[in-house]
Amino acid sequence: MNTILRKSVLGIAGLAFTGGVFAGPVAAHAADTTTHAKPVSVSVQGDKLIPHGVQGEQSRIDLNDEQIKNVKAIIAATKKAGMDERAAVVSIATALQESKLENLGHLGDRNDHDSQGLFQQRPSSGWGTVEQITDPEYSTTAFLKGLKQVDGWQDMPLTKAAQTVQVSAYPDHYAQWEQQAADLVAEHWNK
């Protein structure tokens, strides 16, 4: 386990008991524009994305131009890291859960920790400086570096792969974004 990931795990694990390291700020910040849909399996052939399966009920939000820009930044950073579409799906689903794809700064009273950026990474846990973790390319690269260290992440459920990197107090919440993340990657990967 590398130093950044170890510091993140230890720093976050101690705070998890206080109830919601990551989900609290997002829930306080985001308007509830979530819609729920039954899971739909994507099984596209050829050079298209084939997710490993969608678990549980799915949520979907409408995205504005800034959120689409962040999707494109995550995809670009994933490609630059030499990783595939599945890595982008995991990354986008994680950012949907953590920030609704908004590059969040410190949320003041709505955030009792120092979590910031697309992935709600914490400077105090070794993810980088505030300037770094609020840069979409840097924060995605940091997330992907952690993902690469998860043995077998490509073949595990999305929520387990994301949780292993993020160590969230709400580990199952990532799964609800898999369908939208897969759709976004399928739409923007080759643009």
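The values are calculated or read from the model by the stated rules, or taken from the named source; none is laboratory data. All values derive from a computational prediction rather than experimental measurement. Neighbour counts run over all protein chains shown; Cβ positions are idealised from the backbone, glycine included. Keep in mind that these areas ignore ligands, DNA and RNA; they rest on the heavy atoms of the full protein, side chains included. Shrake-Rupley method; radii C 1.70, N 1.55, O 1.52, S 1.80 Å.
Given R₀ = 22 Å, what would the calculated FRET efficiency be for Lys69 paired with Lys145, taking r from the Cβ atoms and rounding to 0.05? Provide the component values of the computation, followed by the final result.
On the way: r = 22 Å, r/R0 = 1.01.
Here the calculated transfer efficiency is 0.50.
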With every protein chain kept in place and a 1.4 Å probe, the residues Lys100, Lys69, Lys191 fall, from largest accessible area down, as Lys191, Lys69, Lys100
Residues with amide H under 5 Å of Leu104's amide H, sequence separation 5 or more or different chain, H placed in the peptide plane at 1.01 Å from N; which?
-> Gly117, Leu118
Take the range 63-147, drop everything but the C-alpha atoms, weight them equally and run the Debye formula without solvent; then report log10 I(q)/I(0) at 0.24 Å⁻¹ to two decimals.
-> -1.15
